[in-house]
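Down below is the structure, laid out as structure tokens.
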Amino acid sequence: MKHKIIISILFTPLFLYFCFRGLKILKRETTDWMKVIPLPDSHSTFFNAIELMSRLPEFRSLLYYRYRTGNFNPIRAIYPGEHVSISCPKVGEGLVIQHGFGTRIGCREMGRNCQVWQGVTIGKSRSGLDQPRPIIGNNVKICANSMVLGGITVGDNAIIGAGAIVLKDVPANATVVGNPARIIKQR
């Protein structure tokens, strides 16, 4: 009980910071993450958000992206995020980053309700400003240490297996694995 009180006191300023910037985003992200992350649900946006903020730096990183906070924002020094880099003009609601250490999300667009695990790289296949980036559909799962590179499209409900290197389009409802990635299942 003491632990919960201390955590609530420590993370209330961050909660208030996000609330002043837009409570709607905070409520939506908290609800989406509580569906996926196995934490006890207190049925309160405040306590669920505090729990997620205190335990998951990935959650804080996503909120920093959603609220467009700069890297040099003093609030980030007090409450750091995970080593997650998100540079995507449009990320749909419901993105959940599981164990986000070393994750880089640099696509043109990411759909709704996607899940990304640790060590994932989504971005250009070559360096250069004019190089295309991937488009990720809705309900896509991108498993640990996989790469999605170049101007490709990953269709809705696709699953990218752990360690896969995706360099070609992935159709909707497909599961791909390997290097280079190949379809092993299409629903």
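Numbers below:
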| read-out | value |
| --- | --- |
| Residues located in the range 11-36, provided they are in contact with a Leu (Cβ under 7 Å, 6 or more places away or on another chain) and touching a residue at least 60 places away in the same chain (Cβ under 8 Å) | Glu29, Trp33 |
| So Gly163, is it out of contact with any Ser or Thr (no Cβ under 7 Å at 6 or more places or on another chain) and not in a strand (DSSP E or B) | no |
| Residue list for the range 1-40, restricted to those being open to solvent by 90 Å² or more (accessible area, probe 1.4 Å) and among the basic types (Lys, Arg) | Lys2, Lys4, Arg21, Lys24, Lys27, Lys35 |
| Top-ranked residue in the range 99-108 [being open to solvent by 30 Å² or more (accessible area, probe 1.4 Å) and in contact with a strand residue (DSSP E or B) (Cβ under 9 Å, 6 or more places away or on another chain); ranked as nearest to Val154 (Cα to Cα)] | Arg108 |
| Of residues in the range 36-88 being of a type in the set (Asp, Glu) and closer than 28 Å to Asn145 by Cα, the one modelled with the lowest pLDDT | Glu82 |
| Among the residues listed as Ser8, Ser54, Ser42, the single one being free of Cβ contacts under 8 Å to residues at least 12 places away in the same chain and small (Gly, Ala, Ser) | Ser42 |
| Test result for Thr121, open to solvent by 40 Å² or more (accessible area, probe 1.4 Å), within 23 Å of Arg60 (Cβ to Cβ) and among the β-branched types (Val, Ile, Thr) | yes |
| Verdict on Phe46 being of a type in the set (Phe, Trp, Tyr), open to solvent by 50 Å² or more (accessible area, probe 1.4 Å) and assigned to a helix (DSSP H, G or I) | yes |
| Gln115 closer than 30 Å to Phe20 by Cα and of a type outside the set (Asp, Glu) | yes |
| Condition met for Leu95 (open to solvent by less than 60 Å² (accessible area, probe 1.4 Å) and within 11 Å of the chain's Cα centre (by Cα)) | yes |
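Here's the yes/no breakdown for (1) of a type in the set (D, E, K, R); (2) within 14 Å of the chain's Cα centre (by Cα); (3) open to solvent by 10 Å² or more (accessible area, probe 1.4 Å):
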{"position": "Arg60", "(1), (2), (3)": "yes, yes, yes"}
{"position": "Pro74", "(1), (2), (3)": "no, no, yes"}
{"position": "Pro80", "(1), (2), (3)": "no, no, yes"}
{"position": "Ile86", "(1), (2), (3)": "no, yes, yes"}
{"position": "Val91", "(1), (2), (3)": "no, yes, yes"}
{"position": "Met110", "(1), (2), (3)": "no, yes, no"}
{"position": "Pro132", "(1), (2), (3)": "no, no, yes"}
{"position": "Ile142", "(1), (2), (3)": "no, yes, no"}
{"position": "Ser146", "(1), (2), (3)": "no, no, no"}
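The values are calculated or read from the model by the stated rules, or taken from the named source; none is laboratory data. This structure is a prediction, so every number in the text was calculated from the model and none was measured. Cβ: placed from backbone, ideal geometry, glycine included. Neighbour counts: every protein chain shown. To get the accessible areas, we keep the full protein, side chains included, count just its heavy atoms, and leave off ligands, DNA and RNA. Shrake-Rupley method; radii C 1.70, N 1.55, O 1.52, S 1.80 Å.
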